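> Encoded as structure tokens, here's the structure I'll be asking about.
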């Protein structure tokens, strides 16, 4: 049986502009679950990974509001919380859809840790904005009180920045593989997994954000998936995105993708990491990597939608 | 190999009176991890379950403080978050201890859903206090605005009360069994699992709290464990607890335990559910159920510490 790792964007689970109620999140998860079931019905073994940006953002806002009475958790703890929250919604909705379609399968959420390197340069220059906005004075206060790195946000105000180190291995891959081989639909590597470094015999959680697509590429490689399917909210990767003449890309050879990445053609916080993840997966020996819109998931797997990255 | 389900009290993970920092929680998890490794080293297959009362309490405080700007999640979502948070700490610390002792084993946290009955009388009369304290006027406001059931707390102030329905089956048992059989240390049924009811083909999360010991008893039965080991912060079950002449109990036949439970001998929120869980496990065919202090875990398994409930 062919195996696919499906990476769901954080916005697939908390839709842009949607009211952030739990019901909205449930409805979005249910819509994603239908697509996951379509993929499984087409004969694929499925691992589901997902983003957690909006959800961790909410947890950070909640934490900060009570920082005087309840100790805020470090970001690794918040990430683990978000894996529980989002995993729950996906697990219930995927289980329901399968049951309704008479193709009952066990569905399991595996809390995931992702290894990063202690000497990753990202730890020396954090760049990823997280949490609430502050005034400059408040920001300097947090630098002193908590050792945060604070930075003026281009959208105004000051925010905390954290490192986004590169993942190199997923701690739970052996577990994930075993469960897929046993027929389960596995939800793993949520939010890219909690970043951990190896410190002697110990795994130590780090405050940082692992890009969920880069982590999905590693999980796909380690778990022997043939395909990495990155689902987002646009139908195709574009050249000249944001210009007057954007151009859809149907097929993108790895060599060309690397040139475009190097030229900064894709946004650093948006399409860039997805294209990079696809490149990484193919360079590690993966057969196919496709970037597509959630609703076109099965067409994309069949080669009839999205942007397919190809070796060469 | 013999199999044990170990139920860790919520207070084993956020010690009574301790400052509620993440480091404190980590240290408590690490202490529990040492005992789990002792048990595995003695030749047992181990499933770890845990409480989540203090942790969900913190999440509720955080949610309420930002209720005006970030929609609070229902309690089932908060429970799932807490499974991620606590599972993370246990998974990392258990993995570390095993690695340090040269007995490396995969450790996995399985997000758990627990089936409860839609007609459970608990849904008609919620009794479990959760979340922040309010004035009576605020309490009535929440009844109107959110449909909460609010009640005067014996400790003063008003609080939300939620149902504590009886669990009858654990959705993820087949997954847990498979993972244990494969040699993994499995963390499951955190906080008793998220309560769900079956509604046609769907599982629907309910706002409520499943007693973690009752859920552990069901998981132990379903997963074919020989022993249910309930770890808490007192060395033995006592007769006359809180009186001038409390008396330690070494062995407690099920019939006597049931009489004492019926007579209200054990506190409803403390020892009662533990004794009830032990009784349920034995009546379902379990071989042994022991209630003991965390630090005496291996002695308790060997029959040399704690209170052992026995058939008869």
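The values are calculated or read from the model by the stated rules, or taken from the named source; none is laboratory data. These numbers were taken from a predicted model, which means no experiment stands behind them. Don't worry about glycine lacking a Cβ; one is built from the backbone with ideal geometry, like all the others, and counts go over all protein chains shown.
> Quick check on my filter: what residues within the range A:93-132 are over 24 Å from residue B:22 (Cβ atoms) and either facing chain B (nearest Cβ under 7 Å) or free of Cβ contacts under 8 Å to residues at least 24 places away in the same chain (or both)?
Result: A:95, A:96, A:99, A:100, A:102, A:104, A:106, A:108, A:119, A:121.
> Can I ask one more? Quick check: is even one residue across the range B:296-303 at pLDDT 95 or above, closer than 20 Å to residue B:49 by Cβ and either within 18 Å of the chain's Cα centre (by Cα) or not in a helix (DSSP H, G or I) (or both)?
Checked against the condition, which is being at pLDDT 95 or above, closer than 20 Å to residue B:49 by Cβ and either within 18 Å of the chain's Cα centre (by Cα) or not in a helix (DSSP H, G or I) (or both), the range B:296-303 yields at least one hit.
Every residue, every condition in (1) touching a helix residue (DSSP H, G or I) at 6+ places or on another chain (Cβ under 6 Å); (2) free of Cβ contacts under 8 Å to residues at least 60 places away in the same chain, yes or no:
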residue: A:262; (1), (2): no, yes
residue: A:266; (1), (2): yes, yes
residue: A:274; (1), (2): yes, no
residue: A:278; (1), (2): no, no
residue: A:283; (1), (2): no, yes
residue: A:296; (1), (2): no, no
residue: A:300; (1), (2): no, no
residue: A:306; (1), (2): yes, no
residue: A:310; (1), (2): no, yes
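> Quick check: anything in the range B:244-252 under 30 Å from residue B:113 (Cβ atoms) and either at pLDDT 95 or above or surrounded by 13 or more Cβ atoms within 10 Å (Cβ to Cβ) (or both)?
No - not one qualifying residue is present in the range B:244-252.
> Something else now. For the range B:258-295, how many residues are more than 17 Å from the chain's Cα centre (by Cα), over 19 Å from residue B:226 (Cβ atoms) and not in a loop (DSSP other than H, G, I, E, B)?
6
> Hey, can you tell me all the residues within the range A:130-177 that are under 15 Å from residue A:115 (Cα atoms) and exposed (fewer than 15 other Cβ atoms within 10 Å of the Cβ)?
Across the range A:130-177, the qualifying residue is only A:168.
> Looking only at the range B:215-238, which residues are buried (at least 24 other Cβ atoms within 10 Å of the Cβ) and under 26 Å from residue B:75 (Cα atoms)?
B:215, B:216, B:217, B:218, B:219, B:220, B:230, B:231
> Hey, among the residues in the range B:272-285 that are more than 15 Å from residue B:53 (Cβ to Cβ) and touching a strand residue (DSSP E or B) at 6+ places or on another chain (Cβ under 8 Å), which one's surrounded by the most Cβ atoms within 10 Å (Cβ to Cβ)?
Selected residue: B:278.
> Taking the range A:93-134, which residues are farther than 18 Å from residue A:42 by Cα and in a loop (DSSP other than H, G, I, E, B)?
A:111, A:112, A:117, A:118, A:119, A:120, A:124, A:125, A:126, A:127, listed by residue number.
> Next up: Of all residues being assigned to a loop (DSSP other than H, G, I, E, B) and touching a residue at least 60 places away in the same chain (Cβ under 8 Å) in the range B:198-217, which is farthest from the other protein chains (Cβ to nearest Cβ)? Just the residue, please.
B:211
> Look at the range A:156-197 and say how many of its residues are assigned to a loop (DSSP other than H, G, I, E, B) and within 11 Å of another protein chain (Cβ to nearest Cβ).
7
For (1) under 21 Å from residue B:161 (Cα atoms); (2) under 18 Å from the mean Cα position of the chain (by Cα), each residue gets a yes or a no:
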{"position": "B:62", "(1), (2)": "yes, no"}
{"position": "B:73", "(1), (2)": "yes, no"}
{"position": "B:84", "(1), (2)": "no, yes"}
{"position": "B:96", "(1), (2)": "no, no"}
{"position": "B:103", "(1), (2)": "no, no"}
{"position": "B:124", "(1), (2)": "yes, no"}
{"position": "B:132", "(1), (2)": "yes, no"}
{"position": "B:137", "(1), (2)": "yes, no"}
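> Can you tell me which residues in the range B:179-191 are more than 16 Å from the chain's Cα centre (by Cα) and either surrounded by 20 or more Cβ atoms within 10 Å (Cβ to Cβ) or closer than 22 Å to residue B:130 by Cβ (or both)?
Those that are more than 16 Å from the chain's Cα centre (by Cα) and either surrounded by 20 or more Cβ atoms within 10 Å (Cβ to Cβ) or closer than 22 Å to residue B:130 by Cβ (or both): B:179, B:180, B:184, B:185.
> Still on this structure, please answer the following. Could you list, in sequence order, all residues of the range B:133-155 that are closer than 22 Å to residue B:52 by Cα and within 14 Å of chain A (Cβ to nearest Cβ)?
If the condition is that a residue be closer than 22 Å to residue B:52 by Cα and within 14 Å of chain A (Cβ to nearest Cβ), then B:133 is the only one that fits.
> Would you be able to say whether some residue in the range B:233-243 is in contact with a strand residue (DSSP E or B) (Cβ under 9 Å, 6 or more places away or on another chain), in contact (Cβ under 8 Å) with a residue 60 or more places away in the chain, over 17 Å from residue B:12 (Cα atoms) and more than 10 Å from chain A (Cβ to nearest Cβ)?
The answer is no, given that none of the residues of the range B:233-243 is in contact with a strand residue (DSSP E or B) (Cβ under 9 Å, 6 or more places away or on another chain), in contact (Cβ under 8 Å) with a residue 60 or more places away in the chain, over 17 Å from residue B:12 (Cα atoms) and more than 10 Å from chain A (Cβ to nearest Cβ).
This table checks each residue for (1) under 27 Å from residue B:110 (Cβ atoms); (2) in contact with a helix residue (DSSP H, G or I) (Cβ under 9 Å, 6 or more places away or on another chain).
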residue: A:92; (1), (2): yes, yes
residue: A:99; (1), (2): yes, no
residue: A:130; (1), (2): no, yes
residue: A:158; (1), (2): no, yes
